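Notes for the one structure printed next.
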Amino acid sequence: YPLLAVPHIQLHGTVDEMMYANFKDQLAAVPGDGPIVVSITTLGGDPEMARAMGDTIRLLRDYTGREALFLGKVAVYSAGATFMSAFPVDKRFLTRNSRIMIHERLMNSTIQLSGPLNTLAPVLKAKLNEIEDSIRIQEEGFADLVRGSKVSLDELKQRAPNNWYIEAAEARELGLVLDII
């Protein structure tokens, strides 16, 4: 896979607004034709920024017909796996000795209840709505991640709460990636 040796877009570090800006800058500099190769090495970060980058890839693929290839290098953890889910399984690759880590979304929140009783229930309902919507978003991403692989959505949902680490060879066997380079 000689094309994968020199990715057009190379991302590394925490998935955040800075990575997203870097991604957009590098994408703007990509040649106007042929496949686009995107590599990432990350321990994770903001899943919404990963979804935004993934949406850009999806739109590019859907509306220009350009092929986009994913190359995970060393660590494709958390939000990195979220980004990977934007690529079909037959467009995903890992370098040797890479690992994917998939887990449930995390939330750290404190709810302060103070005031008249009639004002407290809406605060709790709003937090519950946030949690329920986050679960829906998580499950959509999980479905995209396993679509076309040998992993069922139920298996992923069962393993994700315990931080599922998947070595490159296992990822290939499970059909989560096409191949290892």
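List the pairs whose first member sits in the stretch 1-21 and is at positive phi, whose second member is open to solvent by 80 Å² or more (accessible area, probe 1.4 Å), and whose Cβ atoms are under 9 Å apart, counting only residues at least 6 apart or on separate chains?
Final answer for the pair search is Gly13/Leu43.
Among the residues of the stretch 135-181, which ones are basic (Lys, Arg) and in contact with a Leu (Cβ under 6 Å, 6 or more places away or on another chain)?
Within the stretch 135-181, Lys150 is the sole residue that qualifies.
Within the set of pairs 6 or more residues apart or between chains, which connect a residue that is surrounded by fewer than 17 Cβ atoms within 10 Å (Cβ to Cβ) inside the stretch 62-83 to a residue that is part of a helix (DSSP H, G or I) with Cβ atoms less than 8 Å apart?
Close Cβ pairs (under 8 Å, with a partner that is part of a helix (DSSP H, G or I)) amount to Arg66/Leu60; Glu67/Arg61; Glu67/Lys91.
Looking at Ser85, Ser134 in this structure, which one is within 30 Å of Val6 (Cβ to Cβ) and polar (S, T, N, Q)?
Details: Ser134 fails: within 30 Å of Val6 (Cβ to Cβ).
Exactly one residue qualifies, and that residue is Ser85.
When you scan the stretch 72-174 for helices (runs of 4 or more DSSP H) that lie fully inside it, which ones turn up with 2 or more residues that are under 29 Å from Pro35 (Cα atoms), within 17 Å of the chain's Cα centre (by Cα) and at pLDDT below 95?
117-146
Would you say Met49 is touching a residue at least 60 places away in the same chain (Cβ under 8 Å), under 29 Å from Lys24 (Cα atoms), surrounded by 17 or more Cβ atoms within 10 Å (Cβ to Cβ) and not basic (Lys, Arg)?
Judged against the criteria, Met49 is not a match.
The values are calculated or read from the model by the stated rules, or taken from the named source; none is laboratory data. This is a predicted model, so every value here is computed, not measured. When we count neighbours, we look across all protein chains shown, and the Cβ atoms used for this are built from the backbone with ideal geometry, even at glycine. Just the protein is used for accessible areas: all its heavy atoms, side chains included, with ligands, DNA and RNA removed. Shrake-Rupley method; radii C 1.70, N 1.55, O 1.52, S 1.80 Å.
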